[in-house]
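Please treat every number below as a calculation from the coordinates, not as lab data. Please read these numbers as outputs of a predicted model, since none were measured by experiment. Please note: Cβ atoms are built from the backbone with ideal geometry, for glycine as well, and neighbour counts cover all protein chains shown.
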Amino acid sequence: MKYYNTFLLLLSLLCSCSKIDIEKKKTRNNDFYDKAFEYWKNGKVDSAFLYFNNAKKIFIEQKDSLNIGVCLLSMSIILTEEGDYLGGQETSVNAIQYFDPKDKSHYTYINSNYNNLGIANYKLKNYTNALRFYDNALDFVSKPKEKFLTLNNKAKTYEELKNYSQAIKIYNQVLEGSNNSPTEFAMSLANLALTKWKQNSNYNPVTEYLKSLNIRQREKDYLGMSFCYAKLADYYSSIGNTNLALQYSEEMFRVNQKIKSPDDKLEALYKLVKYGPIVKTKYYFGIYEKLDDSLRQKRLSTRNEFALVRYETEKHKSDSLKAQAENVEKQKNILIQNIGIGILIVSLITGYFWYRRRQKIMKQEKELEVKNTELRYVKKVHDHVANRIYQVIDEIDNRPQMHKDEVAEKLDVIYHISRDLSYENIGTLYHQQFEKELAKMFASYQSPKVTISVIGNEEKIWQNVQKTVKAEVYAVLQELMTNMSKHSRASLVQLEFQTNNQQLTIAYTDNGKGIKDFSHGNGLSNTENRIKSISGLITFDTKPNQGLKVKISFPI
């Protein structure tokens with residue numbers, strides 16, 4: 001189920017202004033503002049964000065408080081929709097001061113701003129704060145559409161808290177007030193059916209889903225159609241009817257060719273992999289992998305662009321304040337120039353060099369922050385997604401008879417990991433039965449051409465090892481196995497686990513072609529940093545065409 005923003009409502013408000021509003025718009029002399037909405041409406045969010053920022057600067061010079069707030073609100077919605085929830089929250093909070101809660105003409109913007117704060121906190125899993133902001137938004141409703149959107153978002157939050165009774169109560173309230181709008185009625189009906197099914201797994205929501213689907217087909221609401229197809233597929237899958245689940249998944253994929261929603265298309269591909277025939281699993285998975293990688297890279301690039309724009313804005317603000325301070329200081333020193341002219345000259349020279357040095361440091365720190373963010377995401381993609389994907393591909397190649405449900409289960413893990421890359425804890429740590437998870441991972445790389453022997457990987461040796469240490473060890477061993485499968489051409493691999501004097505030692509040996517050198521970006525080279533982070537030691541013994549020996553030791 002999706003949350004609902006007020007972007008379209010905001011656009012319609014600005015496009016359907018009165019004659020007086022149009023005249024004001026003509027004398028406002030801010031082309032950036034109109035261009036920003038044009039870019040936003042056409043889906044060019046990076047250009048829209050930049051133009052809103054430029055428009056805001058002009059409105060600041062014109063001392064136009066309302067339109068400063070509208071620019072900040074629009075930027076905050078873009079940030080939230082692009083996944084920068086902290087940035088969206090910060091920008092929305094900054095916008096609050098520019099709206100007048102006593103002026104009813106500001107209500108739509110205030111409602112939209114609080115609604116965006118609710119969405120940002122919802123996406124950050126701060127559900128209590130989200131509910132508080134949705135309640136604030138409801139205090140500033142000026143149109144039925146605003147109330148409809150906010151109540152839907154509030155009910156969705158109660159769903160996440162598993163307070164289904166409260167969610168159903170709100171959806172019923174929305175349903176009663178949406179009779180004049182077919183799309184609103186269809187949305188509320190589908191949401192209500194889904195929540196009832198979540199509350200009671202024996203409830204059959206198909207009738208409501210199909211009724212909602214018929215309305216959305218008639219209204220050509222393709223996004224709503226995609227939602228209905230997805231939920232019908234989920235329901236039929238839950239009762240074991242994979243044929244209908246596949247049929248609705250295919251319909252979802254088809255309708256997404258029209259709306260071009262990458263997130264919905266990913267979900268449709270996942271369902272096709274899960275429910276489709278085994279002969280098409282690799283085909284769908286290939287499309288899924290390419291789309292997922294492209295979408296992730298695009299969003300990361302867009303967020304970095306937004307971060308740079310925000311940095312330049314803060315820099316401009318700092319420069320402006322600094323210039324004002326210097327001007328006041330000059331005015332003061334004019335009055336006492338006969339006494340303090342020497343001190344003034346020294347102070348200005350010192351302040352100039354300090355300012356230049358400070359700006360240079362700030363720029364370097366920001367560039368380093370952006371670079372570290374990119375490196376952290378690259379590292380996460382490599383460790384948590386790329387190696388997992390290669391492991392699944394290798395296992396499919398080694399086990400042609402693997403059942404498609406097992407493949408879908410493994411893809412589901414990768415899907416949730418890639419979706420939650422922005423969080424620090426992705427959830428890949430194995431707290432219990434760690435030795436079994438290792439064994440499963442080793443087994444996935446075994447094939448008729450590669451024999452893997454594991455000695456000493458028993459439950460007792462992992463009992464006192466910390467969870468964070470297990471996560472690092474798992475990543476290092478997976479990197480060794482992936483390197484072996486991709487590059488070494490080994491036919492025999494042996495891993496031996498031993499404990500002695502509160503020290504755990506892992507010996508890895510293969511008969512492959514060895515490693516010629518270690519480059520800076522080499523995955524095996526990066527394992528040294530992981531082992532150092534757990535106060536351990538890793539050594540590599542390798543010569544070309546003479547196999548590879550790796551010894552890892554760390555304190556328990």
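Shape summary: the range 429-555 maps onto an equivalent ellipsoid whose semi-axes, from the alpha-carbon gyration tensor, are 23, 17, 13 Å in decreasing order. Residues whose amide H comes within less than 5 Å of that of L504, counting only those at least five positions distant or on another chain, are F554, I556 (H built at 1.01 Å from N in the peptide plane). Applied to the range 156-168, the Karplus parametrisation 6.51 cos²θ - 1.76 cosθ + 1.60 on θ = phi - 60° returns per-residue 3J(HN,Hα) values of 4, 5, 5, 4, 4, 7, 6, 8, 5, 4, 5, 4, 4 Hz, with x for Gly and Pro. Distance from the C-alpha centroid of the range 461-507 to that of the range 196-218: 49 Å, rounded to the whole angstrom.
Taking GluC sites (Glu not before Pro) across the range 458-487, the ones in a DSSP loop with at most 15 further Cβ atoms lying within 10 angstrom of their Cβ are E458.
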